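J.: Could you have a look at this structure, given as structure tokens, before my questions?
The values are calculated or read from the model by the stated rules, or taken from the named source; none is laboratory data. Quick caveat, the model's predicted, so the values are computed rather than measured. Here the Cβ positions follow ideal geometry from the backbone for every residue, glycine too, while neighbour counts run over all protein chains shown. Side chains included, ligands, DNA and RNA excluded: accessible areas come from the protein's heavy atoms. Shrake-Rupley method; radii C 1.70, N 1.55, O 1.52, S 1.80 Å.
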Amino acid sequence: MHFSDIQRVPGDPILGLIEAYANDTNPNKFDLGVGVYKDAQGLTTIPRAVKLAEQRLVDKQLTKTYIGGHGEPRFGTLISQLVLGDNSPLLAARRVSATQTPGGTGALRLSGDFIAECLPGRGIWLSDPTWPIHETIFAKAGLKVSHYPYVDRENRLTVDAMLAAFETIPSGDVVLLHACCHNPTGFDLGHEDWKRVLEVVRRRNLLPLIDFAYQGFGDGLEEDAWAARLFAAELPELLITSSCSKNFGLYRERTGALIVCCADAEKSLDVRSQLSSIARNLWSNPPDHGAAVVAEILGDAELKQLWAEEVEEMRQRIAQLRSGLVQALTPLGLGQRFAHIAQQRGMFSYTGLNDDQVARLRHEHSVYMVNAGRANVAGIDATRLHALAAAIAAVC
Ligand code: PMP
């Protein structure tokens, strides 16, 4: 038998959590596990701007023939503008190459293979903790994966420890930074912190890879791009992976981009040629539909406005849930202890609850969150914040 030695790998713990939640018959259960945005009704709906763009595409699209390794050129231009700013001098100087990818995950994998093939010997440094797929994706691309501290034992952002670690990273290595809405912690760097990171990155000749998966979910579409734009303005070279999964609600359409900023237009063409050659061996051409939708939206003032309003609605709901939960915990004497939940950004929160408390919340109160106390704040039912706060208080 050819397959007899193949072992079963354990399932993703988050998928196990989804199943356990689905099987829980308690009508008052809470799903704070899975990483998707949910609206007030608990649904992950398709944004209206996306629906309208899809309707237009049905009428307009004349062919489904191959689109080429970099995908839809209009998408590449528009997503680069969204990330770097409409008037970015880098775009005018043709220093930017954008390659359409199957989601942010595809962009990360493409960047991993690009580093492995074109910058051999460079290691990659991830925040501890980070999104678990970062760990495996770069290892599978053959890179040496190391970590820099990000959150301390008291569940606080540790910028000093992070910067001290950066001083020891070998020159030329890649450092992965979350542009905003850090997954899994929700702790983001402030502007002054970013400037300090930039200083050490430049001085030690490190190559930043900015993972931008939640543009618009933190402080706003433009505000969230602040760090990526600072780095693009101040450094000659930079990798940015952009995902349209959350902010366009396009999750399963697999829409994203690898944006590479280069020192000049000529080098950007060299890099670009390498990326299409690498992509050719991964997925050949990227999936089209989601990118066509994004291009339709971003290329039309009215649709773009509608979409921006919808992203803002999602952002505000998350912000209100964050402050609402802290307010609900306050009369229970826990407002101070969980004040960080209101300061964190994006869908996720490192609550500071330990594994034992997470297990009790699940078994005694039907509150489902992943270990290390990561809660998806965007999964909270706003009308039941007090019940959630009471459950948390019961295990603290
Ligand atoms: N980076 C981070 C930090 C993420 O959380 C995610 C999505 N969970 C991604 C990248 C990629 O998302 P996708 O491939 O679905 O676009």
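J.: From zero outward in steps of 20 Å, how is the percent of C-alpha pairs of the chain spread across the bins?
T.: Bin by bin from 0 Å, the calculated values are 27, 57, 16, 0.
J.: Report the gain in length on full extension from residue 133 to residue 394: 0.36 nm times residue separation, minus Cα-Cα distance, nm rounded to one decimal.
T.: On the way: separation 261, 0.36 × 261 = 93.96 nm, distance 3.27 nm.
Extra length available between residue 133 and residue 394 comes to 90.7 nm.
J.: Still on this structure, I have one more. How would 144, 38, 267 line up by accessible area, probe 1.4 Å, largest first?
T.: Numbers: 144 145, 38 30, 267 95 Å².
Of 144, 38, 267, the descending order of accessible area is 144, 267, 38.
J.: OK, next. For residue 178, enumerate residues with amide H under 5 Å from its amide H, sequence gap 5+ or separate chain, H modeled in the peptide plane.
T.: Residues meeting the criterion, in which the H sits 1.01 Å from N, are 211.
J.: With all protein chains present, calculate the accessible area of residue 118 using a 1.4 Å probe and round the result to the nearest 10 Å².
T.: 50
J.: Taking the Cα atoms of segment 1-160, report the difference between the largest and smallest coordinate on each principal axis, in whole Å and largest first.
T.: Answer, in whole Å and largest first: 53, 51, 46 Å.
J.: Provide 252, 202 ordered by accessible surface of protein heavy atoms (probe 1.4 Å), highest first.
T.: Numbers: 252 215, 202 115 Å².
Putting 252, 202 in descending order of accessible area: 252, 202.
J.: According to a simple spin-label model (label point 7 Å from Cα along Cα-to-Cβ), what is the distance in nm between residue 140 and residue 19?
T.: 2.0
J.: In percent, what relative contact order does segment 121-214 have, based on Cα pairs under 8 Å that are 6 or more apart in sequence?
T.: The normalised contact order for segment 121-214 reaches 31 percent.
J.: Follow-up question, since we're still on this one. Taking amide hydrogens as modeled 1.01 Å from N in the peptide plane, which residues meet the under 5 Å criterion relative to residue 128, leaving out close sequence neighbours?
T.: When sequence neighbours closer than 5 places are left aside, the close amide H contacts are 148, 150, 151.
J.: Could you give the length gained on full extension between residue 337 and residue 323, defined as 0.36 nm per residue of separation minus the Cα-Cα distance, in nm? Please report the intermediate quantities before stating the final value.
T.: On the way: separation 14, 0.36 × 14 = 5.04 nm, distance 1.33 nm.
That pair, residue 337 and residue 323, stretches by 3.7 nm at full extension.
J.: While we're looking at this one, here's another question. Mind computing the radius of gyration and Dmax over the alpha-carbon atoms of segment 271-391? Å is fine for both.
T.: Radius of gyration, then largest Cα-Cα span, for segment 271-391: 20.4, 60 Å.
J.: Going 7 Å from the Cα of residue 46 toward and past its Cβ, which residues in segment 236-252 have a backbone nitrogen under 13 Å from where you end up?
T.: 249-252
J.: At 1.4 Å probe size, with no ligands or nucleic acids counted, give the accessible surface of residue 251 in Å², nearest ten.
T.: 50
J.: Kindly provide log₁₀ I(q)/I(0) values, in the same order as q = 0.16 Å⁻¹, from the Debye equation applied to equal alpha-carbon scatterers of segment 66-299.
T.: -1.13
J.: Counting only residues 5 or more places away or on other chains, whose amide H sits under 5 Å from the amide H of residue 238 once H atoms are built in the peptide plane?
T.: Here 261 satisfy the definition.
J.: Charges at C-beta only: +1 for Lys and Arg, -1 for Asp and Glu. How large is the resulting dipole of the chain about its Cα centre, in Debye rounded to 20? Write out the running numbers ahead of the final one.
T.: Numbers: 39 positive and 46 negative charges, 62 e Å.
With Lys and Arg at +1 and Asp and Glu at -1, about 300 debye.
J.: Right, something else. Considering the alpha-carbon set of segment 145-204 alone, what are its Rg and its Dmax in angstrom?
T.: In Å, with Rg to one decimal and Dmax whole: 11.3, 32.
J.: If you don't mind, there's one more thing I want to ask. On full extension of the chain, what length is gained from residue 155 through residue 235, given 0.36 nm per residue of separation minus the C-alpha to C-alpha distance? Spell out each step's value before the answer.
T.: Working: separation 80, 0.36 × 80 = 28.80 nm, distance 3.13 nm.
Extra length from residue 155 to residue 235 when fully extended: 25.7 nm.
J.: Given a 1.4 angstrom probe, I'd like the percentage of the accessible area of the chain that is carbon and sulfur, rounded to a whole number.
T.: Numbers: 9510 of 18280 Å².
Its accessible area is 52 percent carbon and sulfur atoms.
J.: Please check which bits of segment 62-103 a label hung off residue 276 would reach, taking the label as a point 7 Å along Cα-to-C-beta and the cut-off as backbone N under 15 Å.
T.: Label zone hits: 66-77, 97-101.
J.: Can you give me the relative contact order of the chain as a percent, contacts being Cα pairs under 8 Å and 6 or more apart?
T.: Reported as a whole number, the value is 26 percent.
J.: Then there is this: What is the Cα convex hull volume of segment 84-180 when expressed per residue in Å³?
T.: On the way: hull volume 13.8 nm³, N = 97.
In segment 84-180, the Cα hull volume divided by residue count equals 143 Å³.
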